[in-house]
1. Can you list residues whose amide H is under 5 Å from residue 66's amide H, if they're 5+ apart or on another chain and H is modeled 1.01 Å from N?
2. Using Cα pairs under 8 angstrom and six or more residues apart, how large is the relative contact order of the chain, in percent?
3. Residue by residue through the range 25-39, which ³J(HN,Hα) values in whole Hz follow from phi under the Karplus form 6.51 cos²θ - 1.76 cosθ + 1.60 (θ = phi - 60°), with glycine and proline marked x?
4. Quickly rank 22-33, 37-48 as a protection proxy: mean count of other C-beta atoms within 10 Å, highest first.
5. If the only charges are +1 at each Lys and Arg Cβ and -1 at each Asp and Glu Cβ, what is the size of the charge dipole of the chain around the Cα centre, to the nearest 20 debye?
6. Comparing 80, 69, 11, which has the greatest mean-square fluctuation in the GNM of the chain with Cα pairs linked when under 10 Å apart?
7. With the dipole of the chain worked out from charges on the C-beta (+1 for Lys and Arg, -1 for Asp and Glu) around the Cα centre, which of 33, 62, 43 lies farthest toward the positive end?
8. With a sphere of radius 13 Å drawn around the Cβ of residue 74, what net charge do the other residues whose Cβ falls strictly inside it have (Lys, Arg +1; Asp, Glu -1)?
Amino acid sequence: MVALASHAVAEGDAAAGRALYQARCTACHFLDYNGVGPAHRGVFGWAAGQAPGFSYSDALRASRQVWNEDSLDRWLADPEKFAPGQRMGVNVPEAKDRSDLIAFLKQATKAAK
């Protein structure tokens, strides 16, 4: 059973994730337009650092990651470990909070399609 575990093991609560997003992320990010950070609606399946209209760090553009539950969990836990030299100076150390944020972003991606 442990061998099947991943970083984003628990199914998150999208409603709790929305509240966390509004409280912790909207100083820099918005779902539908770029701010200090890139827009997030539709993020699942995007190549990291490649969404049009935002000036990403060289480190994130070169990461060759695709955003999914696992990559978002690793990014939110420690952006600098994920892509050394990136520019996001915030992390989300609590696994439950990351899971909830990821559930919210996943829901927002489905709404974009």
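Computed from the coordinates by the stated procedures, all read-outs in this text should not be read as laboratory data. Being a predicted model, the structure only gives us computed values, none of them experimental. All Cβ positions, glycine included, derive from the backbone under ideal geometry; neighbour counts span all protein chains shown.
1. 48
2. 38 percent.
3. 10, 6, 5, 10, 10, 9, 5, 10, 8, 6, x, 4, x, x, 5
4. 37-48, 22-33
5. So the dipole magnitude of the chain works out to roughly 300 debye.
6. Greatest mean-square fluctuation among the candidates belongs to 11.
7. Toward the positive end, the furthest listed residue is 33.
8. Net charge in that neighbourhood comes out at -3.
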